[in-house]
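Colleague: Just dropping this structure here.
The values are calculated or read from the model by the stated rules, or taken from the named source; none is laboratory data. In this text the structure is predicted, and so the values were computed from the model without any measurement. As a convention, Cβ positions derive from the backbone with ideal geometry for all residues, glycine included, and neighbour counts pool all protein chains shown. Accessible surface areas use protein heavy atoms only, side chains included; no ligands, DNA or RNA. Shrake-Rupley method; radii C 1.70, N 1.55, O 1.52, S 1.80 Å.
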Amino acid sequence: MKKSLFTIAILFAIAGTGCSNNASKDANGSVVKSSEESLGLRKGDLFTEDEVSGVEANYSSATPGTSAKMDRAFTNAPPMVPHEIQDMLPITIKNNQCISCHGRETVKDMKAAMPNLTPIPDTHYKDLRSKDQKDLGHLAGARFNCVQCHAPQANVKPLVENNFAPDYQDESEKHGSNLNSTINVGKDTLKK
């Protein structure tokens, strides 16, 4: 009982200390209220949508097969879509136009005409939820919605400055994935 009361007292002390020092103060030490216009990224009134408009996004208009590959954001990051996809939407499990170029069955034939073509990796054809991660012989049902991970890129000014720079262990990771060979690394250390 004493241990519980002591723990609760410590938690209240920490919470009280944190709350008292977080307020912004002016030169006289008076608490300064933040205006709603200064909150968030849009710098506008949070209670009205009258003056809010989306940023015009200029997506690539390159047709599939004519665009250059983009470097991945980090090792094994999903590659970005460097071409126009508007006419390929919506992507459904029964209608997925991405497979017609990037799929296992067609990529070898398409690669001659489109040397920058990125094939769907082997991990997308495996049942990663099963213990043995068997190859299904077809695109896994959980992987049909390509744009869930692979996003088209627009030429827009970032809302927040970003100075992130990827640090690849190998140059091949800029445009390729080693996930198939590394997906089970450390798995033997998990509790069974």
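Colleague: Accessible area of region 67-192 with a 1.4 Å probe: how many percent of it is carbon plus sulfur?
Modeller: 54 percent
Colleague: On to the next question. Kindly report, to the nearest 10 Å², the accessible surface of Glu56 as traced by a 1.4 Å probe over protein heavy atoms only.
Modeller: Its heavy atoms expose roughly 140 Å² to the probe.
Colleague: Give me the net charge for the shell around Pro119: Cβ to Cβ below 11 angstrom, other residues only, Lys and Arg +1, Asp and Glu -1.
Modeller: Combined, the nearby Lys, Arg, Asp and Glu give +1.
Colleague: While we're here: In the structure shown, do any of Lys126/Lys174; Lys94/Lys134; Lys126/Lys157; Lys131/Lys174; Lys69/Lys187 have a Cα-Cα gap over 27 Å, and if so which?
Modeller: Lys126/Lys157; Lys131/Lys174; Lys69/Lys187
Colleague: So, one more: Among 174-187, 110-123, how do they line up by average Cβ neighbours within 10 Å per residue, starting with the highest?
Modeller: Ranking the peptides 174-187, 110-123 by packing returns 110-123, 174-187.
Colleague: Moving on. Any chance you could run the full-extension gain for Asn76 through Asn178? It's 0.36 nm times the residue separation minus the Cα-Cα distance, nm to one decimal.
Modeller: Taking 0.36 nm per residue and subtracting the Cα distance, the gain is 36.1 nm.
Colleague: Please list, ordered by chain and number, the residues whose modelled amide H lies under 5 Å from the amide H of Lys126; skip anything fewer than 5 residues away on the same chain.
Modeller: Correct list: Leu136, Ala140.
Colleague: If DNA, RNA and ligands are ignored and the probe is 1.4 Å, what is the ranking of Asp170, Asp188 by accessible area, most exposed first?
Modeller: Accessible-area ranking of Asp170, Asp188, largest first: Asp188, Asp170.
Colleague: So the label point goes 7 Å from the Cα of Asn145 along Cα→C-beta, right? Which residues of region 86-113 then have their backbone N under 11 Å from it?
Modeller: What the label zone holds, given the 11 Å backbone N cut-off, is 91-93.
Colleague: If packing is taken as the average number of other Cβ atoms within 10 Å across a peptide's residues, how do 61-71, 142-152 rank, most packed first?
Modeller: Answer by packing, highest mean first, reads 142-152, 61-71.
Colleague: Just the number please: accessible area per residue for region 68-122, 1.4 Å probe, all protein chains included, in Å².
Modeller: Using a 1.4 Å probe on heavy atoms only, each residue of region 68-122 averages 62 Å².
Colleague: So who's got an amide H within less than 5 Å of the one on Val81, skipping anything under 5 residues away but keeping other chains? H placed 1.01 Å off N, in plane.
Modeller: Amide H neighbours of Val81: Ala151, Gln153.
Colleague: If you average the alpha carbon positions of region 70-91 and of region 103-182, how far apart do those two centres end up, in angstrom?
Modeller: Taking the Cα centre of region 103-182 as reference, the centre of region 70-91 is 8 Å away.
Colleague: Based on alpha-carbon atoms only, what is the radius of gyration of region 24-161 relative to the globular estimate 2.2 N^0.38 Å?
Modeller: 1.54
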